[in-house]
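Worksheet: one structure, shown below.
None of the figures in this text is laboratory data; all of them are computed from the coordinates on show. Quick caveat, the model's predicted, so the values are computed rather than measured. Glycine also receives a Cβ, built like all others from the backbone with ideal geometry; neighbour counts cover every protein chain displayed.
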Amino acid sequence: MRVFVTGGTGHSGSYIIPELIAAGHEVTGLARSDTAAASVSALGAKVRRGDLEDLDGLMEAAADSDGVIHVAHRQDLLPFGGMDAVSAAELPVMLAYGEALAGTGKPLVAAGSIGSSGQLGRPATEEDPALPVGDEHKGTLRVRNVVETAVIDLAERGVRSSVVRIANIAHSTTDRAGFLPALIALAKEKGAAGYPGDGANLWNAVHARDVASLFRLALEKGPAGRYWHAVDDEGIPLREIAEAIGSRLGLPAVSIPRDELMLPGYFGFLANIVTQSYPASSLITRRTLGWEPAQPGLLADLDNGHYFPAS
């Protein structure tokens, strides 16, 4: 297949492009800058210059391809308008893809988030829809649900569209800006690896290489209008993650009281996030697409040491 990929130089995208090429696909990656173009080329893909603001260019690229994988976001908007601005800019992109691919049956696979189905009190499954977005959700990750819903709705227009919900923690040897590096930096700064309360709240995780293989499978054979869960570790207590970090750093793992002053005092802007519990299942994804994660799990990857380079 001739596959058009956005976000190919990001954490997930830099694994997706080689995964597709190894499977025999011809890949073209969107590149905004000379640096990005060089990175896309180094991964083995053709380069298409442009950006997410050029809707005509994106439509043309989608129409010229046999399928699209979209993992790019306007991260440059985060400091100015937060997730509201990022989502508002991404929605027209999905609609542009829809115009280009309507009635073709071609695949469009977009990145989503496990958190889009909310706090359910049970493991989230692929059958849980993205929750509606109201005014009370402004400024939260949930505002991006309008983008996920738009992608799923394209199935009714003859697009083989689907959303890969990526685990809250995507880890790898190239993870530099994710949740784990943030927790490790905090532990170094505070002199202890903290977790909220009893730390029993559950976080899901997946290796970025396994994320890439799921995007490929969804592209190749995923039915239209479906959610897929890129989840290997379905629920790890945050306390265990903190203990693993503390062990590698030679620091104690300590409970941070669930207090309106104590939590922000340690976790800062992560205070509201670390208290959440996100158990999730990937059983339907595995059964339907034959996806089998092959990379180390989260705790094993932390034990590999690459998150803790010798100084």
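Once amide H atoms are placed 1.01 Å from N in the peptide plane, what residues at a sequence separation of 5 or more from Leu108, or on another chain, have their amide H within under 5 Å of its amide H?
Here the answer is Val68, Arg160, Ser161, Ser162, since their amide H atoms fall under 5 Å of that of Leu108.
Within the set of other residues whose C-beta is less than 12 Å from the C-beta of Gly8, count the net charge using Lys and Arg as +1 and Asp and Glu as -1.
+2
Return a whole-number percent for the relative contact order of the chain, with Cα pairs under 8 Å and 6 or more residues apart as the contact set. Don't skip to the answer; put the middle values down first.
Numbers: 619 pairs, mean separation 55.1, N = 311.
With pairs under 8 Å counted, the relative contact order is 18 percent.
Amide H to amide H under 5 Å from Ala253: which residues, 5+ apart in sequence or cross-chain, H placed 1.01 Å off N in plane?
Ala193
When DSSP beta bridges are limited to those with both residues in the chain, what percentage is antiparallel, rounded to the nearest 5? Display every interim value, and only then the final one.
Numbers: 3 of 38 bridges.
So the antiparallel bridges in the chain amount to around 10 percent.
So, in Å, what gap is there between the alpha-carbon centers of the stretch 120-134 and the stretch 153-203?
17 Å
Report the extension gain between Ala85 and Ala155 in nm, rounded to one decimal, defined as 0.36 nm multiplied by the number of residues separating them, less their alpha carbon distance.
The Ala85-Ala155 span can extend by a further 22.7 nm.
Residue-wise, which Karplus ³J(HN,Hα) couplings in Hz belong to the stretch 56-62, taking 6.51 cos²θ - 1.76 cosθ + 1.60, θ = phi - 60°, and x for glycine or proline?
So the Karplus estimates, Gly and Pro as x, are 4, x, 5, 4, 5, 5, 5 Hz.
What aspartates and glutamates could a cross-link reach from Lys190, if we take a straight Cα to Cα line under 19 Å and drop same-chain neighbours fewer than 8 places away?
Reachable aspartates and glutamates: Asp198, Glu240, Glu243, Asp259, Glu260.
Top mean-square fluctuation among Gln276, Gln295, Gln75, Gaussian network model of the chain, C-alpha springs under 10 Å?
Per the Cα network of the chain with a 10 Å cutoff, Gln75 tops the list.
Is the stretch 233-285 rounded, prolate or oblate when judged by the Cα gyration tensor, a ≥ b ≥ c being the square roots of its eigenvalues, rounded requiring a/c under 1.5 and prolate requiring a/b larger than b/c?
It is oblate, given that a/c is not under 1.5 and a/b is not larger than b/c.
Under a point-charge model restricted to the Cβ atoms of Lys and Arg (+1) and Asp and Glu (-1), what is the dipole moment magnitude of the chain relative to its Cα centre, in debye to the nearest 20?
Its charge dipole is roughly 360 debye.
Among 7-20, 176-189, what's the highest-first ranking by average C-beta atoms within 10 angstrom per residue?
In descending order of packing, they fall as 7-20, 176-189.
Apply the a/c threshold of 1.5 to the C-alpha gyration tensor of the stretch 204-248 and tell me whether it is rounded, prolate or oblate. Please list the in-between numbers first.
Details: a/c = 6.60, a/b = 2.65, b/c = 2.49.
Since a/c reaches 1.5 and a/b is larger than b/c, the shape of the stretch 204-248 is classed as prolate.
Quick one: check the C-alpha center-to-center distance for the stretch 56-74 versus the stretch 286-311, whole angstrom.
Spelled out, the Cα-based centre of one part sits 29 Å from the other.
For the chain, modelled as a Gaussian network with Cα springs under 10 Å, which listed residue fluctuates most, Ile284, Ile273, Ile256?
Ile273
Quick one: what are the phi-derived ³J(HN,Hα) couplings along the stretch 104-110, Karplus 6.51/-1.76/1.60 with θ = phi - 60°, whole Hz, x for glycine and proline?
Per residue, the Karplus-derived 3J(HN,Hα) values read 8, x, 6, x, 10, 10, 10 Hz.
Can you tell me which of Pro252, Pro196, Pro293 moves the most in a GNM of the chain? Springs connect C-alpha atoms under 10 Å apart.
Result: Pro252 has the largest fluctuation of those listed.
Can you work out ³J(HN,Hα) from phi for every residue in the stretch 253-260, in order, using Karplus 6.51 cos²θ - 1.76 cosθ + 1.60 and θ = phi - 60°, giving whole Hz and x for Gly and Pro?
9, 10, 7, 9, x, 6, 10, 5
If you average the sequence gap of Cα pairs under 8 Å that are 6 or more apart and divide by the length of the stretch 189-301, what percent do you get for the contact order?
The normalised contact order for the stretch 189-301 reaches 45 percent.
Regarding the stretch 142-270, what's the average projected area of the Cα-atom convex hull, expressed in nm²?
Numbers: hull surface 36.3 nm².
With every direction weighted equally, the projected area is 9.1 nm².
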